[in-house]
Amino acid sequence: MITAYAREGEGLRALGDGEDAAAIWVDLLAPDAQELALMSGRAGVDLPTRADQEEIEQSSRLYLDGGVPVMTVLLPTRSEAGEMEIGPVSFVLLGERLITLRHHAPRPFTSFPAKAARASHGCATPEAVLVGLVEEIIDRLADITEQTGREIDVVARRIFGTEKMRTEDYRAAMREIGRAEGRVMHLRESLMTIERMLGFLGPVMDGRKPGKGLRGMVKSQYRDARTITEQAGYLQQKITFMLDAALGLINIEQNAIIKIFSVAAVAFLPPTLVASIYGMNFEVMPELGWTYGYPLALGIMVLSAAVPLWFFRRRGWL
């Protein structure tokens, strides 16, 4: 699907079919081969295919094609199941328009056109549209990072709270920790590609001379992306600590259960020994003829069980 936008006042207006000649921004969402060839012909450059976008080499994601910068980053979105997933998005900065190419639906691409009029540097040029769109993307990543941090804090309060957690509670916490780890990994991967793109875009802006304000904005966005990356790194360390702590608490619970069985085994071993001795079928056993032999044997069994329990409690093992 191809969506074109033209400048209208200080903002952007979506164009209808046949009006894309006046477009300052053309957005391609999951284009087929025919649409990709059509836009490549109009742009005068070969737009990257899905396979090209998924290349991991930096030279395949950030390059100049006949002087035209082609930049690919990874951006997160929500899947139909509600989980975060990331996909490639390419920015092709032509002289008269910006072309974006994507195969999923990150929220900034639907929210930015309505906010374009309030962008810091407007949308009079393709460079301004690109900078405004990147600003919206960074704001979205910051929001996701903050939300993830709050969710991690909720799980941390449950794990380290005063209420005793059951096995089902630990399982749920471990699943939430795993999902949070996946989100943070996606965030860091996305922010890393954005940092590289902004580092590549700086010299491009200097060569195109779009204005001191836009060049300063690119530098500011680079610092913002670096700050969010550091925050995501802190969250990743916190998740690792929580995972280790949860596993440690689970081990403590398991050790407590094993300790109970161990104490029970030690406590019942002496009585079992006494009962085994007097359960033997020898013909000559003097105690069998004693009047108080039976209560004496019971007393010995009780005493032999009580002494180990008293010793364990005295040592603080119970």
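Quick note: the coordinates plus some simple rules give every number you see, no bench work behind them. Computed from a predicted model, the values in this text were never measured in an experiment. Counting neighbours? That spans all protein chains shown, and the Cβs are built from the backbone with ideal geometry, glycine included.
Things worth noting here:
- Nearest 10 degrees, 0 to 90: helix 167-208 Cα axis against the chain principal axis: 20 degrees
- Multiplying the residue separation of M280 and L64 by 0.36 nm and subtracting their alpha-carbon distance yields 68.3 nm.
- Fluctuation leader among L38, L288, L47 - the chain, Gaussian network, Cα springs under 10 angstrom: L288
- Peptide ranges 129-138, 99-108, 278-287, 48-57 listed from the most packed, as the mean C-beta count within 10 angstrom indicates: 129-138, 99-108, 48-57, 278-287
- Ranking A33, P108, P308 by how far each Cα lies toward the positive end of the dipole of the chain (charges on Cβ) leaves P308 at the top.
- Estimated 222 nm signal from helices in the chain, with DSSP H stretches of n ≥ 4 weighted -39500 (n - 2.57), rounded to 500: -21500 deg cm²/dmol
- Computed packing ranks the peptides 24-31, 291-298, 304-311 as 24-31, 304-311, 291-298, most packed first, by mean other Cβ atoms within 10 Å.
- In plain terms, the chain from E168 to L309 could stretch by 47.6 nm, reckoned as 0.36 nm per residue minus the Cα-Cα distance.
- Projecting label points 7 angstrom from Cα along Cα→Cβ for K259 and S79 puts them 4.2 nm apart.
- Shape category assigned to the range 144-297 from the gyration tensor of Cα positions, a/c cut at 1.5: prolate
- Given R0 = 22 Å, the distance between the Cβ atoms of A267 and L288 translates into a calculated FRET efficiency of 0.25.
- Among the listed values (1) 21.0; (2) 17.9; (3) 26.4, the one matching mean projected area of the Cα convex hull in nm² as calculated from this structure is (3).
- For the pair the range 226-287 and the range 1-58, the centres of their Cα atoms are 63 angstrom apart.
- The stretch between E54 and M185 holds 45.4 nm of extra length on full extension. This uses 0.36 nm per residue minus the Cα-Cα distance.
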